[in-house]
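The values are calculated or read from the model by the stated rules, or taken from the named source; none is laboratory data. This is a predicted model, so every value here is computed, not measured. Positions of Cβ are backbone-derived with ideal geometry, glycine not excepted, and every protein chain shown enters the neighbour counts.
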Amino acid sequence: MVYLWSVVIAIAVGLTLRWWNLGGESLWFDEAYTAWAASLPVGRLIEVVRVDNSPPLYYLLMNGWTRVFGDSEFALRAPSALAGSIALLITPWVVRRLFDNPAVEVAATALAAVSFLQLRYAHEARCYEMLGLLALLVLWALPRWCEERRRGAAVAIALGLAAMTWMHNMAWLYVGAFGVAMLVWPTPRAWPSRVLHASWPIAVVVALYLPWAATLARQVSKMGGGFWIPTPDAPSLYYTTLLTGGVKLLPIGYFLRQWFGPLQPALMIIQIVLAIAFVVVVASLLGARFVPRRRRAAGIAVAAMSPIFAAFVVSIVSTSVFTPKAFVPTAMLMPVLIAGAVALCPPRFRAAPWAAVGVLVLLSFFSVLGQFRFERKEDWMAAHAFLADRSTADTLLVFVGNDGELALRYYENKLGPIAGRRSGVPTGFFENTPPRAMQRVAGEGDVADLQTAIKTHQPRQIILVGCHMAWADPHGLTRNVLESAGTRVEVQNFAGVIVERYLREGSVFSPFPSTRRGSEHRPVSTITASTITALTNAASTITSHSPAIFVRPIRRIS
């Protein structure tokens, strides 16, 4: 009964965190892209997605969802929160099937309830939480197919993996990982039979994907020309592994600075404790005495961890695809794997993995609290309010990157239009057929259209709307053009959305309108140009590594 109530409490905490303030924050670009794509007719949606870097299944599901429930921030994020909630509810069920230990069910449920990566993407209108749920369901079906040869389980494995591949291209790493896991899984069959039984669910996945295979080849070829994800290094691999284990150090660092001042040595101590915890988990898995259960744990480890290492290798030798959000399925499987370490450890040494679980649960919980307290997504709602207040018919709005056009359009549809002409650099999102985001300013030729627009329309005011600028315009070419055309009089940072106002010579505009709504803004005369540049570059750098997240300015700790 104690174990049952412990599981119930963990689930209650996890569900609360997954639905907490779900619609309270502004959509950022990726979510705005989801809202826009889901609003398109099905044929047009598929045409648009073909030039993106993902398959269409998630957008088709969202197309049906928004027709029923609308496209508010809450409605758009609800499917992800629902998927995360279902995954949390079935986690103890999966662990019971694999290890048959009530205490271990408590450990897995507690870890899943406060897993940072799970909670992070339960609050986002993207496909990653659904991918994680599907991976967990495939893991549930593995023993039923590999050990009991239930055909229904094989069908579930094939359909689950196929759905993953139709949601995200990175899911193919998990298809390969689960294929290897089926070979590792304990079974009385000889190796030829084992290979055959592992192959046919994978063959079904491949067959179901064939209609999209040519499009995937084109998308991969396009990525070969350059992608926004930076090439990973050893620290990236380390921190990503921590993330999938449930812990993010940055939000914990905010608490440490608040409590202790300097981050060191407290943060170093936490990293040492984490390292010891993971060593204990690995040692417990390797030291298991019961061979069948150890092979189950090995299969889970292969399914969970090999996609991370495969993506790391691919990113080193070719185009980088190493981004933590692609490993949410691993974050769903990690609580099961860590709980397996507790179950497999000899009883006299079991206190060590239990201590490791306690450390991970505690640090994961503070990671999540730190995110809720200190971080927020790009605030396009606030940017809309500012632009509606400042922009007039004689204004030219300049978007860099053009990703921001979608997020701003979403709030224009909700809150009202913004006056002025628009120009994207190098081109606007809707100037392409089909529309295309993630465009980069790579040279002088990419700002030629902007220079022409300024000369042709002679705007009295130019407003730069920038997001992800460290990637979108790494050399600052757009700012160079605007600074040569006018004087920068105001700069605002809306949680990573950079908005700068430029007045042209002879303009009679007041730099800081006093009769308009909104809070007062600090005059540029009291901010040096170097300060503005440093602030905007720093903001762009931070958001380039985690585009949806920015530290809350109102809670920044000195």
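Here are a few things to note about the model shown:
- Exactly one residue out of 428, 404, 424 is modelled with pLDDT under 95, under 19 Å from residue 26 (Cα atoms) and in contact with a strand residue (DSSP E or B) (Cβ under 9 Å, 6 or more places away or on another chain), and it is 404.
- Test result for residue 162, among the small types (Gly, Ala, Ser) and either modelled with pLDDT under 95 or not assigned by TED's automatic domain parsing to the domain that holds residue 178 (or both): no
- Residue within the stretch 185-193 that is touching a Leu at 6+ places or on another chain (Cβ under 8 Å) and assigned to a helix (DSSP H, G or I) present: no
- Residue within the stretch 206-219 that is more than 21 Å from the chain's Cα centre (by Cα) and at positive phi present: no
- Some residue of the stretch 320-340 being surrounded by fewer than 19 Cβ atoms within 10 Å (Cβ to Cβ), within 18 Å of residue 237 (Cβ to Cβ) and in contact with a Gly (Cβ under 7 Å, 6 or more places away or on another chain): no
- As a summary of the residue check, residue 354 satisfies the conditions (1) out of contact with any His (no Cβ under 9 Å at 6 or more places or on another chain); (2) buried (at least 21 other Cβ atoms within 10 Å of the Cβ) except for the one numbered (2).
- Some residue of the stretch 405-415 being of a type in the set (Lys, Arg), in contact with a Phe, Trp or Tyr (Cβ under 6 Å, 6 or more places away or on another chain), within 25 Å of residue 54 (Cβ to Cβ) and touching a residue at least 12 places away in the same chain (Cβ under 8 Å): no
- Counted as qualifying within the stretch 97-182 are the helices (runs of 4 or more DSSP H) with 2 or more residues that are aromatic (Phe, Trp, Tyr), buried (at least 22 other Cβ atoms within 10 Å of the Cβ) and in contact (Cβ under 8 Å) with a residue 60 or more places away in the chain, namely 116-122.
- Any hit, the stretch 23-39, residues being hydroxyl-bearing (Ser, Thr, Tyr), surrounded by fewer than 22 Cβ atoms within 10 Å (Cβ to Cβ) and touching an Asp or Glu at 6+ places or on another chain (Cβ under 8 Å): yes
- Residues in the stretch 320-350 that are small (Gly, Ala, Ser) and either touching an Asp or Glu at 6+ places or on another chain (Cβ under 8 Å) or farther than 26 Å from residue 160 by Cβ (or both): 320, 339.
- Test: residue in the stretch 338-346 that is more than 19 Å from the chain's Cα centre (by Cα), in the same structural domain as residue 168 (by TED's automatic domain parsing) and free of Cβ contacts under 8 Å to residues at least 24 places away in the same chain: no
- Within the stretch 238-252, at least one residue is buried (at least 24 other Cβ atoms within 10 Å of the Cβ), in a loop (DSSP other than H, G, I, E, B) and β-branched (Val, Ile, Thr).
- Residue in the stretch 70-88 that is within 30 Å of residue 347 (Cα to Cα), assigned by TED's automatic domain parsing to the domain that holds residue 365 and at pLDDT 95 or above present: yes
- Test for residue 202: is it touching a Gly at 6+ places or on another chain (Cβ under 7 Å) and of a type in the set (A, V, I, L, M): yes
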